[in-house]
1. Accessible area per residue, 1.4 Å probe, Å², for the chain: what's the number?
2. Heads up, I need the accessible area for D101: 1.4 angstrom probe, whole protein in place, Å², nearest 10.
3. Carbon and sulfur: what percent of the chain's accessible surface (1.4 Å probe)?
4. Let me have the 222 nm mean residue ellipticity of the chain computed from DSSP H runs of 4+ only, each contributing -39500 (n - 2.57), with the sum over all residues rounded to the nearest 500.
5. Pairing the Cα long axis of helix 2-76 with the longest principal axis of the chain, what angle in degrees results, from 0 to 90 and rounded to the nearest 10?
6. Taking the Cα atoms only, what angle lies between the long axis of helix 84-157 and the longest principal axis of the chain, rounded to 10 degrees?
7. Checking the a/c ratio against 1.5 first, then a/b against b/c, what shape does the Cα gyration tensor give for the chain?
8. For the pairs K46/K109; K71/K102; K71/K95; K46/K129, flag any whose C-alpha to C-alpha distance is greater than 23 Å.
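The values are calculated or read from the model by the stated rules, or taken from the named source; none is laboratory data. From a predicted model like this one, the values you see are computed outputs, not experimental measurements. Surface areas here come from the heavy atoms of the whole protein model, side chains and all, with no ligands, DNA or RNA. Shrake-Rupley method; radii C 1.70, N 1.55, O 1.52, S 1.80 Å.
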Amino acid sequence: MEVAVIATAAAILGSAYYTKTNADRQEKTIKQSNEATTRASILQRKQADLALAEQRRKNKNLLAQQQATYKARLGSNGLSGRSGSNQTYLNAMQKEHDMEDKYLLNQAKISSDALLNSLGHTGNTNLLKLSSIKSENQANTYATLGNLVGGVGRTMIK
């Protein structure tokens, strides 16, 4: 009879150990997933910032090139770009550049917000999964204790 009690207890405890180990493994995987997602989002953000800076630099250089070309054309005709319609044209070039720059900044902000939203969603989903695993683990612990007490009691009665 003692062998049956010990065998029952060992089986129940073995099952509990396996359940706990599996839950711990799942928690570790979810935490690693959170960390990887955070690292990936940081890299994406840096990449986006670098791409934005490069595009802004190119646009600024293009503006300077266009303005210099226009001023050179004016100079070859003996005109100045400092007054009248010529200055208006140069100002329009600058205004167009400023609008493009503002557009790029707005697009970058939208992209950044979407990235943060995605990161928050992933974090919340993983938090929900962790909470679920912890609840299941607690329920399994109580069930194991109940099975252990019930199983040992039944075995002793036989």
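1. Result: 74 Å² per residue.
2. D101 exposes around 30 Å² with every protein chain in place.
3. 58
4. -36000 deg cm²/dmol
5. 0
6. Around 0 degrees separate the two axes.
7. Since a/c reaches 1.5 and a/b is larger than b/c, the shape of the chain is classed as prolate.
8. Exceeds cut-off: K71/K102; K46/K129.
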